[in-house]
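The values are calculated or read from the model by the stated rules, or taken from the named source; none is laboratory data. Remember, it's a predicted structure, so these values are computed and weren't measured experimentally. Positions of Cβ are generated from backbone atoms using ideal geometry, with glycine treated the same way; all protein chains shown enter the neighbour counts.
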Amino acid sequence: MDELTGVFVQESREQLAEMEAGLLALEANPEETSDINAIFRAAHTIKGGAGVVECSYLESFTHKVENLLDQLRDGRLSPSEMRINLLLDCADHIGLLLDALEQGETTLSTSVIDADTRLRERLEQESAPSVASASPASPPPEAVAPVGENAPDIWYISVRFGEDVLRHGMDPIAFLRFLTTLGDIRELQTLADTMPPAEQMDPEACYLGFEICLETSAGKPEIEAVFDFVRDECELHILPPHSRSEDYIALINALPDDERPLLGEMLLRAGALTESELLIGLNSQELAKAYTDNSPPIGAILVEHKSVRPEVVEAAIQRQSAIQQAQQQTAPAPRVIEHEEVSAQIEPVASPPAVVADGEHHPAPAKARAASSEARMLRVQAEKLDRLIDLVGELVIAGASATELARQSGATQLVEATSLLSRLVEDIRDSALQLRMVQIGETFNRFNRVVRDVSHELGKDIGLVIRGGETELDKSLIEKVGDPLMHLVRNAMDHGIESQEKRQAAGKPARGRIELNAYHDSSSVVIEVSDDGGGLPYDKILAKAVAQGLVPANQSLTDEEIAALIFRPGFSTADRVSNLSGRGVGLDVVARNIQALRGTVEIKSKPGQGSRFVIRLPLTLAIIDGFLTAVGKNYFIVPLDTVVECIELPTHCDREYLNLRGEVLPFLRLRDEFELEGEPSTRQSVVVVQYAGHKVGLVVDRLHGEFQTVIKPLGPLFRHLRGIGGSTILGSGEVGLILDVPLLARRASRREARSFEPAPRAHKH
Amino acid sequence: MGQTHQDAAANLSATQQFLTFSLSGEMFGVGILTVKEIIEYGEVTEIPMVPAFICGVINLRGAVVPVIDLAARFGNTPTIPSRRTCIIILEIRHEDSTQTLGVLVDSVSAVLDIPTSEIEPPPAFGARIRADFIVGMGKVDGHFVILLDIERVLSVDEIATLASLGESDTSEAVSASLN
């Protein structure tokens, strides 16, 4: 697969996701036309790209999809549930076709071809009154088209393809063919005047131009959109029919009084000009200004470019000056004089002079708009980012030691300079780390479709609630957490949510609810999948486990231990095997995948009220706000959001608990816990931390305060280490350890529980 | 890891370069290709709850790198850092990635070219370290240099398992009981 195809496949997948999201939004809110536009744009982009990479099956299929979408967009068809289902199926099919393309298959497998034919048939049926193929004798129903756009008009299109068009994989004939979907080509003249003598001709270059008379009811933007893919490489002039000029003039005259009317903006709003035409005009105005000192007015340039008819420009100019005069009367702005000075130099279009120079002020917003839409995304290899982050890490440490040296030297100016430097370095570090962090929302949103489809399949009415989509986690984690989430969501829908009758009998709303939630909790990211179904049937699970020989029959287990059984390989409570789950694969895979990410899964379940799967993942790479403490020469960081308060450890304290305003506060002496050397300082402090509703004290020697912590994972060597979540590098270059408070506390409580057990318990495994 | 001695020996081309160092009075060598750099012994941050042969971690220009006390790994008394103590930074393959590790040695000697003909197979016993740690015995000026199979000595899986021994607990969190 060549690079171009690779980029195409990747980008098409994104477009496909957009299309799907649009379809789901449309289903929820059929009145929203902007969704249809988004869907259409996505499909159109895929189609265009398919043409570029010469993937004909994809191109022709998307074309069919586009036909239906077009009719939806025009309001000729309504977005019924069946049509949306069909379009979703089509989106899936496009995904399959993309897979085939990605794997470099030149012929499609029979199953794909079958699906292809079936979908094409359904598409044909749905879009039965096909407009694309309608002959002029039977014009399409136009009642719903916007006023002023309905009568077919003769447009005059002049297009000169750039030399490189063929080299870039674009075929001029394809554009002409596409043009016929908008209307009929009445006249077509091929221009070959740029064709060099045969011996100089490059067979790979394109020397063609066309003058086309197109009869269509489409507007200017749609015609221009046909040439989207070669817009930068070709010279394109679209001259509207005469009859349009009157409409434009009427529209221009109806424009509201702006504070500061700009010629280009007015033409744009009236639809006489497209944005790219305006940009080209403004660019050549700038160029002219750069080479000669006087710049022609934008109106003149646009007429010269054949973008607009002179009479339309004139009307716009008149309207503009009228507005300005009105404003002048109310507030004599000095700005107007400046306009007159500039415009006095130039006058190719007969018009009141005060106007035209305004065009000059226009490029900024128009360009900025174009630039911002292009610069939205940038693909960067992950390794490059890692390298950058490593370097920034070194920079931070080098900066810290420079600051320290400056402080020792006592030179005030040097200290100031280094403190400014270190502030900047910190900003750089934060931005660099932010680069790898991705919001989980995108992953969550994919489940809208899953929940919709699966609930249809199961015949249950289930809604998805998404919370915490803005929670950020490392990109590599996001990629790996998708599959386990999928299993859990499907499992919750199949086993968790009861049937509607059962729900109503239990007094619950008929519509089931699945909730996805994500948040940061101390040094980990927590992702929850919860449902409001029946909860785990503990007795049934235990009975099944005994029947399957997973636990001995006479064993008594706590609810928690029973819940853990469902993660065992081969375990399934479903009496029947459904398409979705019940085959005993799934939850053990979830557990394994999560473990591979060094995370844990827990289940919280209340009979009759639902269950919640809590996935806790470490932050392999993230910044947290930490609280820096020290024991001897060792530094420990407690995640700041778990810290409640700090108190002094009373000097006489034999027991391992404190009285915190009437509350019992058990505490851990980190020195003993970690078997650190050295004598405890005379005044020790207790950091009171809270996690999952518990409060625990940590006894340390010194408190150093808040510290922005860059988490450095300790690596596979320490993967079994419980109680320490990672490490970080302090400003001094020393390494500090990040505490995992919940695991630390659990370790301590378990150790204590064991020490009081009279005799070793029988192993239950 | 996973290399047998025969394979390892077969891989030795006509001459191979080894970085030699001394440890508890004995000479050892590691293939030069795994060596990333040699740094002076500096401040090592202890990691609690791990076996003694893991000294802790150091900050290697922004990366946190674990340091192994090689003497302790071989079952001898832990190294007492002196003026000549060095940390050799090595890159070890672990699954699909490379793991950077440091080893603590008494002093670093030289890089030696040892011809394959001068490498003897490891003795079945008597070297006082595990036989599978040794690739061969290099003869240099009439002395033996113990050539280490460093990927086996620093096997991430083995060390991680050893490190977890003190921690293992049958009623560990749900996740751990799933295995």
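Here are the numbers:
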read-out	value
Residue count for the range A:667-684, restricted to those that are more than 10 Å from chain B (Cβ to nearest Cβ) and farther than 17 Å from A:GLY723 by Cα	7
Spans of strands (runs of 3 or more DSSP E) in the range B:31-78 with at least 3 residues more than 12 Å from chain A (Cβ to nearest Cβ) and within 20 Å of B:VAL153 (Cα to Cα)	B:35-40
Cβ-Cβ under 6 Å pairs, at least 6 apart or on other chains, the range A:465-481 side farther than 16 Å from A:LEU435 by Cα, far side assigned to a helix (DSSP H, G or I)	A:ILE466/A:PHE444; A:GLY469/A:GLY441; A:GLY469/A:PHE444
Test: A:SER727 is outside the structural domain of A:ALA400 (by TED's automatic domain parsing), over 35 Å from the mean Cα position of the chain (by Cα) and hydroxyl-bearing (Ser, Thr, Tyr)	no
Unique residue being closer than 18 Å to A:LEU119 by Cα, in a helix (DSSP H, G or I) and either free of Cβ contacts under 8 Å to residues at least 60 places away in the same chain or of a type outside the set (A, V, I, L, M, F, W, C) (or both) when the list is A:LEU88, A:LEU23, A:LEU72	A:LEU72
Scan of the range A:685-723 for residues that are part of a strand (DSSP E or B), more than 7 Å from chain B (Cβ to nearest Cβ), over 30 Å from A:HIS652 (Cβ atoms) and of a type outside the set (Asp, Glu), ordered by number	A:PHE707, A:GLN708, A:THR709, A:VAL710
Any hit, the range A:621-637, residues being under 30 Å from A:LEU587 (Cα atoms), within 14 Å of chain B (Cβ to nearest Cβ) and not acidic (Asp, Glu)	yes
Residue in the range B:126-143 that is buried (at least 17 other Cβ atoms within 10 Å of the Cβ) and within 12 Å of chain A (Cβ to nearest Cβ) present	no
Condition met for A:ILE615 (assigned to a strand (DSSP E or B), at pLDDT 80 or above and under 30 Å from A:LYS460 (Cα atoms))	yes
Flag if B:SER107 is surrounded by fewer than 21 Cβ atoms within 10 Å (Cβ to Cβ), closer than 26 Å to A:LYS633 by Cβ, away from chain A (no Cβ under 14 Å) and within 15 Å of the chain's Cα centre (by Cα)	yes
A:ARG231 being in contact with a helix residue (DSSP H, G or I) (Cβ under 8 Å, 6 or more places away or on another chain), modelled with pLDDT under 70 and not acidic (Asp, Glu)	no
Per-region count, the range B:19-35, residues over 13 Å from the mean Cα position of the chain (by Cα) and farther than 22 Å from B:PRO115 by Cβ	2
Any chance A:ILE711 is closer than 30 Å to B:VAL156 by Cα and not assigned by TED's automatic domain parsing to the domain that holds A:SER422	yes
Residue list for the range A:702-721, filter: buried (at least 19 other Cβ atoms within 10 Å of the Cβ) and farther than 27 Å from A:GLU426 by Cβ	A:LEU717, A:PHE718, A:HIS720, A:LEU721
Scope the range A:96-125; condition surrounded by 12 or more Cβ atoms within 10 Å (Cβ to Cβ) and in contact (Cβ under 8 Å) with a residue 60 or more places away in the chain; matching residues	A:LEU98, A:LEU101, A:GLU102, A:GLU124
Residues satisfying the stated conditions in the range A:727-740, i.e. facing chain B (nearest Cβ under 10 Å), within 23 Å of A:SER422 (Cβ to Cβ) and not polar (S, T, N, Q)	A:ILE729, A:LEU730, A:GLY733, A:GLU734, A:VAL735, A:GLY736
All positions within the range A:99-109 that are over 23 Å from A:GLU14 (Cα atoms) and either aromatic (Phe, Trp, Tyr) or at pLDDT 80 or above (or both)	none
Residue in the range A:378-392 that is free of Cβ contacts under 8 Å to residues at least 60 places away in the same chain, within 23 Å of the chain's Cα centre (by Cα) and under 30 Å from A:ARG511 (Cα atoms) present	no
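For every residue, the table says whether it meets (1) β-branched (Val, Ile, Thr); (2) more than 30 Å from B:GLN99 (Cβ to Cβ); (3) in contact with a strand residue (DSSP E or B) (Cβ under 8 Å, 6 or more places away or on another chain).
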site: A:ILE637; (1), (2), (3): yes, no, yes
site: A:PRO650; (1), (2), (3): no, yes, yes
site: A:ARG661; (1), (2), (3): no, yes, no
site: A:PRO666; (1), (2), (3): no, yes, yes
site: A:THR682; (1), (2), (3): yes, yes, no
site: A:VAL699; (1), (2), (3): yes, yes, yes
site: A:GLU706; (1), (2), (3): no, yes, yes
site: A:HIS720; (1), (2), (3): no, no, no
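Residues are listed down the side, and each one gets a yes or a no for (1) of a type in the set (A, V, I, L, M, F, W, C); (2) surrounded by 15 or more Cβ atoms within 10 Å (Cβ to Cβ); (3) touching a strand residue (DSSP E or B) at 6+ places or on another chain (Cβ under 9 Å):
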| site | (1), (2), (3) |
| --- | --- |
| A:MET493 | yes, yes, yes |
| A:GLN500 | no, yes, yes |
| A:GLY507 | no, no, no |
| A:ILE514 | yes, yes, yes |
| A:ASP531 | no, yes, yes |
| A:PRO537 | no, yes, no |
| A:LEU542 | yes, yes, no |
| A:ALA553 | yes, no, no |
